[in-house]
Amino acid sequence: MLFLFSFFLFFLLPTGDINQTAVAVVAKPNNIYIERSDAGQHLNFDFIMKNQTDEKLLINKIELSVYDETGKLARREFYDEYGRNSLELAAVPKIEKQSATMFYNPFHTFAAGVPLKKLHYEFSFSSEDRKKYFKAEIDVAPVYYETKTDLILPVRGRILVWDGHDYNSHHRRFDYTQENFVKSGYKTNFQRYGYDFIIVDEQGLNYKGQSRVNDDWYQARPDKMEDYYSFGEPIYAAGAGRVAFVQDTKPDDRKFNPADLATDERAYAGNYIVIDHLNGEFSWFGHIKQGSLRVKVGQSVKQGETIAAIGAAGSSLFPHLHYDLRNGGGAKEVEGLPSYFTNFKRILGSRTVNVKRGQVDTGDIVDWQDSGKK
Ligand SMILES: [Zn+2]
């Protein structure tokens, strides 16, 4: 097998020349965390690939080798154009000349027992005519992040995690290398570990009388905010801390003007509350209802205190609460952090499971253990 592989490489590389400096790859953010769930271990980071050549390059292959603490190989997998071609690779198949591109790490979930001490990545690139080949290598050493703040779910009722921070979630796929974000000074993914919480009925629908005839649910949505179960429902402080930033004057019109970011880096949330947990962690509550603010900047809040109501201001398709934990109160040069919630229950059909402390993500249906709500 090894022989065949070498032969294959030789066949592809008649000159034997591989340029190692043409493409620079860096892993972002600087601190890469392991998040643990019932499904295993999750990594949430990206690569920025910088093509320093004067021609467009194809991304041919990405290979991951996982090593344990003794330096022994524990796992190897890859995506390429031949044996294991995939959406992950095809989504960003090429890098324009003299430019950088975001590449979302496609190796994101591992079984609980895999030792993730060192992750060695090898990237292979070629010119479009496949006459030149390039390589880049990078090592990543992720660490488990222990959330410092004791957190509870910030919404009560039958909550669906409409979009969380799994590999395909929109929060995770924030490409801040795009020109408009670079110009505005965004250098990180502040919403990397975000959640969009909505309140649903037993069928999982988020508004009354929802039609399933039209698959384009967004077009079929009601115009009245009040028809959404989430609209106006209380938002609770997920953890104790001090109120750092607030805004609640924007209408619940689901409109976001990127130009607003020039004066307020938090403007995409429309209305918001930021709680400083005074330990380097900040809780973010976005799209709160206009005029629903119950707290002031500088005020101390207790966990579970009602702080506002759910609305639909800013970059919001419909009423929902955007919540995330991050390492700063702003959005520029601020990164998301993994968060775990205490004392909630998972709704698994007719069965519910009480969770003392755990992770939630896209698709989960959860509630407070003592919600008192159906
Ligand atoms: Zn969100």
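The values are calculated or read from the model by the stated rules, or taken from the named source; none is laboratory data. No experiment lies behind these values; they were computed from the predicted model shown. Virtual Cβ from ideal backbone geometry, glycine too; neighbours counted across all protein chains shown. Protein only, heavy atoms only, side chains kept; ligands, DNA and RNA dropped before computing areas. Shrake-Rupley method; radii C 1.70, N 1.55, O 1.52, S 1.80 Å.
Tabulated data
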| item | result |
| --- | --- |
| Length-normalised contact order for the chain - Cα pairs under 8 Å, 6+ apart - percent | 17 |
| For N44, distant residues with modelled amide H under 5 Å away | Y33 |
| Formal net charge of residues neighbouring A331 (Cβ-Cβ distance under 11 Å; K, R +1; D, E -1) | -1 |
| Sites N180 and V140 - FRET efficiency at Förster radius 30 Å, r taken between beta-carbons, to 0.05 | 0.60 |
| Unit charges on C-beta of K, R, D, E only; dipole of the chain, Debye | 500 |
| Per residue Cα convex hull volume in Å³ - calculated over the stretch 140-258 | 191 |
| Extension gain from S350 to D260, taking 0.36 nm per residue of separation minus the Cα-Cα distance | 27.9 nm |
| Proximal aspartates and glutamates to K28, defined as alpha-carbon separation beneath 14 angstrom and excluding residues fewer than eight positions away on the same chain | D46, D139, D175, E333, E335 |
| Estimated 222 nm signal from helices in the chain, with DSSP H stretches of n ≥ 4 weighted -39500 (n - 2.57), rounded to 500 | -1500 deg cm²/dmol |
| Neighbour net charge for F245 - beta-carbon separation under 13 angstrom, K R +1, D E -1 | 0 |
| Whole-angstrom gap from the stretch 222-241 to the stretch 116-159, using each part's C-alpha centre | 33 |
| Per residue, in Å², the accessible surface of the chain once ligands and nucleic acids are set aside, probe 1.4 Å | 48 |
| Rh (Kirkwood; distinct C-alpha pairs) - the stretch 132-172, Å | 15.1 |
| Extension gain from E122 to F245, taking 0.36 nm per residue of separation minus the Cα-Cα distance | 40.0 nm |
| Phi to ³J(HN,Hα) by Karplus 6.51 cos²θ - 1.76 cosθ + 1.60 over the stretch 263-273, Hz, x for Gly, Pro | 9, 8, 5, 9, 4, 4, 7, x, 10, 7, 10 |
| Greater than 24 Å apart at Cα, pairs in K131/K187; K208/K255; K56/K131 | K131/K187 |
